[in-house]
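All remarks here apply to the structure that follows.
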Amino acid sequence: MNGFWIAMAGVGVAALLTGIGSSIGVGIPARAAAGVLSEQPERFGRTFILVVLPSTQGFYGFIAAMFMMMKLGMFSGSVNFDMEVLEGIRYLMAALPVAILGLVSAIHQSLVCTSGVELAAKQPEATMRVVIFAVMVETYAILGFVTSFLMINAIG
Amino acid sequence: MNKFETISVLDTKYAYALGCIRAREIRLLSKKRFEELISSKDVEELIAALHDTDYGQYLHSINPYRYEEGLERARIELFNEMEKLTDDPEIMKVLRARFDFHNITVLLKGKIAEEDYTSKCSPLGYQSVDELVGIFKEERYEDLPFYLHKAVREGVEAYFTHNHNPQILNFSIDSIMAETLTSYSENDFLTNYYKIWIDITNLKTILRLFFLERYKELANIALLPGGFILREEILLANFDRIQVLDDFYKRTVYYPLLEWKDSFSDLERAAEVLLISFLKSVSFESIGVEPIISYLFIRENEIRNLRLIFIGKINAVKDEVIKERLIV
């Protein structure tokens with residue numbers, strides 16, 4: 001097994017899992033928001049922020065993947081195709097915090113955001129409070145991203 | 001179904017509907033609004049007060065004394081909207097089945113009396129009334145869904161073996177209905193709602209038969225199967241006096257209902273309050289079909305409350321008496 005392709009698997013995992021999490025995460029509150037807007041079109045502004053919040057995990061995964069590709073020399077044309085297996089595993093391991101935390105937190109955040117969208121229909125003035133709760137879930141996606149960033153950075 | 005399947009399949013399916021329902025819930029009539037409606041001087045004023053509610057469009061152009069037509073139209077529209085929103089024929093089939101059973105009971109009684117009872121049928125059933133009328137006219141009962149076919153067959157059999165007693169026909173069909181409602185729904189919330197409804201109906205039946213001194217004679221036929229408290233358990237308890245009934249229900253959630261055992265109208269109200277509190281238990285759920293089912297039943301209760309206010313106003317019943325009868 002070539003270490004480079006293990007590192008590339010890490011790149012894929014970071015972008016893929018967070019992307020899956022965010023697409024599910026945005027999909028659920030977006031449907032709820034569509035339902036609310038069918039009755040109350042004036043609630044668009046209040047529901048929009050709740051719908052887009054779970055999309056951030058996908059960006060964290062994408063940035064982590066880009067950073068890994070940069071470290072692998074893919075943008076400078078200095079790719080080491082004979083990378084050692086152990087080094088490849090380091091990249092893969094470094095991708096896991098952002099990938100797993102991104103996937104799980106996006107889905108859980110979407111449930112908070114869906115509740116918020118439903119609340120926006122009944123008590124629009126309380127929407128921002130739910131945004132704060134949703135941001136609490138986001139914290140763990142950020143921690144995962146920072147951990148991955150530091151782990152990638154530490155790879156020689 | 002595991003957690004991820006739940007999130008990806010179930011929630012995305014009902015998320016849109018739930019968003020719509022949450023937006024509509026703010027239009028549900030509050031206790032304060034009901035009190036304002038009760039204080040209306042007469043039916044005309046009541047209809048005017050309902051103008052800006054979901055019922056305004058159904059009531060504004062009709063004769064105030066034909067309010068029932070307006071409320072029925074609102075009810076039909078409610079079921080149609082829920083059908084479109086949930087886009088789940090299986091759930092709607094279970095929700096509408098009780099009207100199908102009502103319709104076959106009516107049509108069977110019409111058949112027995114050799115009279116046309118079509119006007120007493122409800123349009124809320126899953127099977128169209130015209131289709132049912134055609135089946136009964138041509139006696140093509142095998143064309144009915146199997147649960148309705150079974151109800152007709154057993155209802156007719158019970159009717160003829162019990163001296164042509166129409167009450168027995170009701171008991172028999174209700175029994176198949178209870179069995180159907182609790183067996184064919186894949187939704188636990190809906191099944192549990194019907195189970196509680198069956199338990200409460202059985203408790204009311206026991207009390208009624210007790211006071212008519214016909215418990216021993218009719219309990220076996222009148223009690224419904226499918227509740228949390230098994231019909232067989234009730235029959236084994238062999239109630240011969242109220243004390244035994246109290247002891248039997250002591251450890252159940254239904255025990256507080258026995259406080260009103262001497263007044264059937266109060267008992268009915270307390271039973272409805274218990275059912276509504278079960279429905280409201282899912283108010284804070286943000287996913288799944290449960291809040292949608294709950295909304296449907298709560299709206300049905302709202303329509304029933306409005307009917308009570310209309311009846312009260314037409315018959316000059318005191319506001320306080322109407323207020324006592326409402327379930328909010």
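Quote the relative contact order of the stretch A:45-112 in percent (integer), defining contacts as alpha-carbon pairs under 8 Å separated by 6+ residues.
Reported relative contact order: 51 percent.
Might you report the magnitude of the Cβ-based charge dipole of chain B about its Cα centre, with Lys and Arg at +1 and Asp and Glu at -1, to the nearest 20 debye?
Once rounded to the nearest 20, the dipole reads 600 debye.
Quick one: 3J(HN,Hα) in Hz for the stretch B:253-270, Karplus 6.51/-1.76/1.60 with θ = phi - 60°, rounded, Gly and Pro as x.
6, 8, 4, x, 5, 5, 4, 9, 5, 8, 10, 5, 5, 5, 5, 4, 5, 4
Which values of log₁₀ I(q)/I(0), to two decimal places, follow from the Debye formula for the stretch B:10-129 at q = 0.10, 0.17, 0.20 Å⁻¹ with a uniform point scatterer at every Cα?
-0.45, -1.02, -1.12
Hand me the chymotrypsin sites (Phe, Trp or Tyr not before Pro) from the stretch A:49-156 located in a DSSP loop with no more than 12 other Cβ atoms within 10 Å, in residue order please.
A:75, A:81
What's the carbon and sulfur percent of the stretch A:3-154's accessible surface, probe 1.4 angstrom, rounded to a whole number?
The value for the stretch A:3-154 is 74 percent carbon and sulfur by accessible area.
List the pairs from B:111/B:261; B:137/B:195; B:93/B:137; B:41/B:93 whose alpha-carbon separation is above 29 Å, in the order I gave them.
Distance filter (> 29 Å) returns B:111/B:261; B:137/B:195; B:41/B:93.
What does the C-alpha gyration tensor say about the overall shape of the protein assembly as shown? Classify as rounded when a/c is under 1.5, otherwise prolate if a/b is larger than b/c, or oblate.
Here the protein assembly as shown falls in the prolate category.
What percent do you get for the relative contact order of chain A when only Cα pairs under 8 Å and 6+ apart count?
Relative contact order, chain A: 38 percent.
Could you work out the relative contact order of the stretch B:26-118, using alpha carbon pairs under 8 angstrom and six or more residues apart, expressed as a whole percent?
Relative contact order here is 13 percent.
Using the Cα atoms of the stretch B:96-181, I'd like the radius of gyration and the largest Cα-Cα distance, Dmax, both in angstrom.
11.6, 32
Report the charge-dipole magnitude of the protein assembly as shown in Debye, nearest 20, computed about the Cα centre from +1 at each Lys and Arg Cβ and -1 at each Asp and Glu Cβ.
Charge dipole, the protein assembly as shown, about its Cα centre: 940 debye, nearest 20.
Using a/c under 1.5 as the rounded threshold, could you call the stretch B:112-231 rounded, prolate or oblate? The axes a ≥ b ≥ c are square roots of the C-alpha gyration tensor eigenvalues, and prolate needs a/b larger than b/c, oblate otherwise.
Verdict is oblate for the stretch B:112-231.
When averaged across all projection directions, what area in nm² does the alpha-carbon convex hull of the stretch A:3-154 cover?
8.9
Out of the chymotrypsin sites (Phe, Trp or Tyr not before Pro) in the stretch B:218-251, which ones are loop residues according to DSSP with at most 16 other C-beta atoms within 10 Å?
Within the stretch B:218-251, the qualifying chymotrypsin sites (Phe, Trp or Tyr not before Pro) (loop, at most 16 other Cβ atoms within 10 Å) are B:228.
With a ≥ b ≥ c the root eigenvalues of the C-alpha gyration tensor of the stretch B:195-328, is it rounded (a/c under 1.5), prolate (a/b larger than b/c) or oblate?
Since a/c reaches 1.5 but b/c is at least a/b, the shape of the stretch B:195-328 is classed as oblate.
Using +1 on the beta carbon of Lys and Arg, -1 on that of Asp and Glu, and nothing else charged, what's the dipole of the stretch B:96-181 about the Cα centre, debye to 20?
220
Explain nothing, just compute: Karplus ³J(HN,Hα) = 6.51 cos²θ - 1.76 cosθ + 1.60, θ = phi - 60°, for every residue of the stretch B:170-183 in order, whole Hz, x for Gly and Pro.
Those phi angles translate into 4, 4, 5, 5, 4, 5, 5, 4, 4, 4, 5, 4, 8, 9 Hz.
Which of B:314, B:76, B:196 moves most in a GNM of chain B, Cα contacts under 10 Å?
Highest fluctuation among the options: B:314.
Which GluC sites (Glu not before Pro) does the stretch B:57-145 hold that lie in a coil by DSSP with at most 13 other beta carbons within 10 Å?
Hits after loop and neighbour filter: B:114, B:115, B:139.
For chain B, set up a GNM with springs between Cα atoms under 10 Å and report which of B:59, B:224, B:95 has the largest fluctuation.
So, out of B:59, B:224, B:95, the one fluctuating most is B:59.
Do me a favour and compute the ellipsoid semi-axes for the stretch A:95-145 from its Cα gyration tensor, root of five times each eigenvalue, largest one first, whole Å.
Result for the stretch A:95-145: semi-axes of 25, 10, 4 Å.
Please compute the net charge surrounding residue B:298, taking Lys and Arg as +1 and Asp and Glu as -1 over other residues with Cβ under 10 Å from its Cβ.
Cβ neighbours under 10 Å give a net charge of -1.
The values are calculated or read from the model by the stated rules, or taken from the named source; none is laboratory data. What you are looking at is a predicted structure, and each value in this text was computed from that prediction instead of being measured. Every residue, glycine as well, gets a Cβ built from its backbone with ideal geometry; the counts of neighbours run over all protein chains shown. In case anyone asks, the SASA skips ligands and DNA or RNA and just uses the protein heavy atoms, side chains included. Shrake-Rupley method; radii C 1.70, N 1.55, O 1.52, S 1.80 Å.
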